[in-house]
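The values are calculated or read from the model by the stated rules, or taken from the named source; none is laboratory data. Owing to the predicted nature of the structure, the values given are computational and were not obtained by experimental measurement. Backbone-built Cβ (ideal geometry, glycine too); neighbour counts: all protein chains shown. These accessible areas exclude ligands, DNA and RNA; they are computed on the full protein's heavy atoms, side chains included. Shrake-Rupley method; radii C 1.70, N 1.55, O 1.52, S 1.80 Å.
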Amino acid sequence: MVDWRRRVERGWYEGSGWLTPLRPLGWLVGRVAGRRLRRFRRRAEQPPVPVLVVGNVAVGGTGKTPLVIALARRARERGLNPVVISRGYGGRADTYPRVVALHDDPREVGDEPLLIARRAAVPVVLDPQRDRALRRAVTEFQPDLVISDDGLQHYALPRSSEVVVIDARRGLGNQRCLPAGPLREPASRLSQVDFLVANGGAWPGATTMHLVPGDLVRLRDGETLDAAAFRERYGAVHGVAGIGNPERFFRTLALLGLAVTPHAFADHHGFTAADLDFADGRPVIMTEKDAVKCRDFDDPRLWMLPVHANLPPATLDAMIDRALQSQPQ
């Protein structure tokens, strides 16, 4: 069976003549996106508290969530009271807005919001209408700073500053808008944001961010092993990733010296135990985002590899300060 999603992605990033007929649609999407942005700029609505939007212009995973976690934790270290708002993609809550609880089912609240709530230890408010999530966050938590996980193109959400994350390895592909290319907005949008972050390498005008792997953690009992100890015990593994760019995770496992058999799933895939039932008994390593959906599987083979965003504290402070200083006194 042809995996059309991956075939389209390869066309965007590696080139494909069969995408040529889609160029007029891509041009139209870019024109509409530009018009929406200009209308948003003219309105220039001031948010009730400083709002820092962390987003991207390309579809797929770029590393936004680790950066959101790093920003929220840094804000807490500075004595601020940050709150994260999110669409809650992949979740199906009965009502919105919804505040994420640490014991919530990721099928209801989404994997990324639950991961942020657990790792950053800050309130996370969900609503597909992010302006409504913002109002709930302000009313219930009186934050000093609201960080929006994604939402760059959600122009109903007022904001104080914007950070865009790009994957330095994949870049912007053919630089065309959907469906002819991977962009939600024209590439010129990058020159209009406050900060540009390149995940995994250099990019003109961008700060470089690296996702640094931590120790491996077994889901069933929390046993922790560093990469060297894990290699000595196991060596060959299955790598599982239901994220926007699974190849990046598989490369990380290989760089740790592990012999990896990769298994890529769709972003936000709802895992079942059967998905991970590989016959050879080798350990299965997954991303931390995927692990929040697999913690109840009673399987000693399942491990997760957490990563954190490696950025200088001064860079995180500059992003936070830009949002704080944009708010009128």
Could you please let me know if Leu211 is closer than 27 Å to Gly11 by Cβ and in a strand (DSSP E or B)?
-> yes
Looking at (1) more than 30 Å from Val32 (Cα to Cα); (2) touching a residue at least 40 places away in the same chain (Cβ under 8 Å); (3) surrounded by 13 or more Cβ atoms within 10 Å (Cβ to Cβ), find the lone condition where Leu190 falls short.
-> (1)
On the given criteria, is Phe265 out of contact with any Lys or Arg (no Cβ under 9 Å at 6 or more places or on another chain) and either farther than 21 Å from Ile69 by Cβ or of a type in the set (Asp, Glu) (or both)?
-> yes
Quickly run through segment 92-116 and pick out the residues that are hydrophobic (A, V, I, L, M, F, W, C) and free of Cβ contacts under 8 Å to residues at least 24 places away in the same chain.
-> Ala101, Leu102, Val109
Do you know which residues across segment 1-27 are over 26 Å from the mean Cα position of the chain (by Cα), open to solvent by 90 Å² or more (accessible area, probe 1.4 Å) and without any contact (Cβ under 8 Å) to a residue 12 or more places away in the chain?
-> Met1, Trp18, Pro21
Could you grab me the full set of residues in segment 4-46 that are within 23 Å of Arg169 (Cβ to Cβ) and in contact with a strand residue (DSSP E or B) (Cβ under 9 Å, 6 or more places away or on another chain)?
-> Arg6, Trp12, Gly26
Restricting segment 317-329 to residues that are open to solvent by 20 Å² or more (accessible area, probe 1.4 Å) and small (Gly, Ala, Ser), which is nearest to Arg78 (Cα to Cα)?
-> Ala318
Find all pairs meeting these conditions: Cβ atoms under 6 angstrom apart; at least six residues apart or on different chains; first residue within segment 248-266 and hydroxyl-bearing (Ser, Thr, Tyr); second residue open to solvent by 30 Å² or more (accessible area, probe 1.4 Å).
-> Thr252/Pro213
So which of Val212, Val163 is touching a strand residue (DSSP E or B) at 6+ places or on another chain (Cβ under 8 Å) and either open to solvent by less than 10 Å² (accessible area, probe 1.4 Å) or more than 30 Å from Asp226 (Cβ to Cβ) (or both)?
-> Val163
